[in-house]
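K.L.:
Please read through the structure below; I'll follow up with questions.
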Amino acid sequence: MIMQSLKKIITNELVFLSLLFGLMTSAKAIDYEEPTVEAVSVAEYDIAKEHEELAKLIAEVKAANQRRVYQSLAERELAEDQYNLGFRHYRGEGAVQDYAKAAEWFEKSANQGHADAQFRLGMMYYLGEGVRQDYSKARQWLEKSANQGHANAQYNLGLRYVTGEGVRQDYAKAAEWFEKSANQGDADSQYNLGVMYEKGLGVLKNHAKAIEWYQKSANQGDATAQYNLGVMYEKGLGVLKNHAKAIEWYQKSADQGYATAQKVLGMMYYNGKGVRQDYTKTVEWFEKPATQGDAEAQRVLGMMYYNGKGVRQNYAKAIEWYQKAANQDDAVAQLLLGSMYYDGKGVRQDYVVAKEWFGKACDNGNQNGCDFYKRLNQR
């Protein structure tokens, strides 16, 4: 009897949905909780113990019910549910990931004025996900969403005006959209607005304004904004020059793994700017980006080993780091590596290999490399 009753309930979709979520059958937008097996009166009947077949059916219902609910509600043209269904197709939740289906449902929702759906659809047109890439359509949907105050849409619309994708490049328009988003607390927009005020792009150059926006973004943990704020304090742009403050912001950025900040902080310790000169600290900070594959840091680390600053002098180690940087076409590292082979430091002297590295340095625009290459050619 229980099996027959449950199967009868499941064939009646509205009753089924009502049992699962307590939904009314009106077309109004409804708040509902995440579906659970318990909602089908599991507690009342203790089905799993008494009826194995029924328990199996319940498990199957649990796996499929959420998508069916969204599908049913979406077909009733509820914008929020159309968006949710689109998002599930986009993320592959409860179904195979399907960008085309996601775009279809996002568009239904977007046409009803759903700001999140308009944003998602705009980004799908921009990236060419599930639809043919179309910068113009991307801009149209992003604009609809942005005009409703969607901060992420405003930010991305600002980027389109910076790059000129789907619109004529217009820094003033970009700044306008970034400011709308920045005023809602978007850290990326705050950073970009800081850059625009620092460089005078689309706005009058204003270092004080740049500081203001960098500060807002930096306070939210944006590593690039923290680095730029450090630069402003080091150079005295918009604020009084303050090496200690510069160090403070470089440190925050470097601690997040931002390679440029790590290198600058290393140089501050090398030169004793705002801190006590400390070659060991220089090595420590350059080692971090060097191990991340940063060619400049690898070359500087090689020089520290060559000169024995902050570490014990070690030509073999110097060559190791020069080699890593040289393999990334760092012209200065190629020149230095060539000189090691030319002088026979840390390696067996080899003019042929030295000439090879001098030639590479020359090809990458290093004049000294060209001069040494010519000199070896005349031997």
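K.L.:
Can you spot a residue in the range 325-335 that is more than 34 Å from the chain's Cα centre (by Cα), free of Cβ contacts under 8 Å to residues at least 60 places away in the same chain and surrounded by 22 or more Cβ atoms within 10 Å (Cβ to Cβ)?
P.N.:
Yes - at least one qualifying residue is present in the range 325-335.
K.L.:
Under 8 Å between Cβ atoms, at least 6 apart or on separate chains: pull out the pairs that start in the range 134-162 with a residue that is under 18 Å from residue 201 (Cα atoms) and end on any residue that is assigned to a loop (DSSP other than H, G, I, E, B) and modelled with pLDDT of 95 or more.
P.N.:
Pairs found: 154/184; 154/186; 155/186; 161/169; 161/170; 162/169.
K.L.:
Taking residue 88 and the conditions (1) within 23 Å of the chain's Cα centre (by Cα); (2) modelled with pLDDT under 85, which numbered condition does it fall short on, given that it satisfies the others?
P.N.:
It is condition (2) that residue 88 fails.
K.L.:
Is there any pair linking a residue in the range 297-318 that is small (Gly, Ala, Ser) to one that is assigned to a loop (DSSP other than H, G, I, E, B), with Cβ under 6 Å and at least six apart or on different chains, and which?
P.N.:
Sorted first by the residue in the range 297-318, then by its partner, the pairs are 316/346.
K.L.:
So residue 168 fits all but one of (1) of a type outside the set (Gly, Ala, Ser); (2) closer than 28 Å to residue 190 by Cα; (3) assigned to a helix (DSSP H, G or I); what number is the exception?
P.N.:
Going through the list (1) of a type outside the set (Gly, Ala, Ser); (2) closer than 28 Å to residue 190 by Cα; (3) assigned to a helix (DSSP H, G or I), residue 168 breaks only (3).
K.L.:
Further question on the same structure: In this structure, is residue 145 at pLDDT below 95 and either in a helix (DSSP H, G or I) or touching a helix residue (DSSP H, G or I) at 6+ places or on another chain (Cβ under 7 Å) (or both)?
P.N.:
No: the conditions fail for residue 145.
K.L.:
What do you reckon, is residue 266 small (Gly, Ala, Ser), at negative phi and modelled with pLDDT of 95 or more?
P.N.:
The answer is yes for residue 266.
K.L.:
Where residues in the range 336-379 are small (Gly, Ala, Ser) and in contact (Cβ under 8 Å) with a residue 12 or more places away in the chain, which of them is farthest from residue 314 (Cα to Cα)?
P.N.:
That would be 365.
K.L.:
Under the condition of being surrounded by 17 or more Cβ atoms within 10 Å (Cβ to Cβ) and of a type in the set (Lys, Arg), which residue from the range 185-224 is nearest to residue 150 (Cα to Cα)?
P.N.:
216
K.L.:
Every residue in the range 251-272 that is charged (D, E, K, R) and free of Cβ contacts under 8 Å to residues at least 12 places away in the same chain, please.
P.N.:
The answer is 255, and nothing else.
K.L.:
Additional query: What tally of residues in the range 248-276 results from selecting those that are closer than 17 Å to residue 224 by Cβ and either among the aliphatic types (A, V, I, L, M) or outside any helix (DSSP H, G or I) (or both)?
P.N.:
8
K.L.:
Does residue 155 satisfy the criteria of being among the hydroxyl-bearing types (Ser, Thr, Tyr) and either crowded, with 20+ Cβ neighbours inside 10 Å or at pLDDT below 95 (or both)?
P.N.:
yes
K.L.:
How do the helices (runs of 4 or more DSSP H) wholly within the range 314-376 filter down when requiring 3 or more residues that are among the charged types (D, E, K, R) and more than 16 Å from residue 304 (Cα to Cα): which remain?
P.N.:
Per the criteria, 351-363.
K.L.:
Output the number of residues of the range 296-310 satisfying the condition of being touching a helix residue (DSSP H, G or I) at 6+ places or on another chain (Cβ under 6 Å) and buried (at least 18 other Cβ atoms within 10 Å of the Cβ).
P.N.:
The number of residues fulfilling the criteria is 10.
The values are calculated or read from the model by the stated rules, or taken from the named source; none is laboratory data. It should be emphasised that the depicted structure is a prediction, and the values quoted were computed from it without experimental measurement. Don't worry about glycine lacking a Cβ; one is built from the backbone with ideal geometry, like all the others, and counts go over all protein chains shown.
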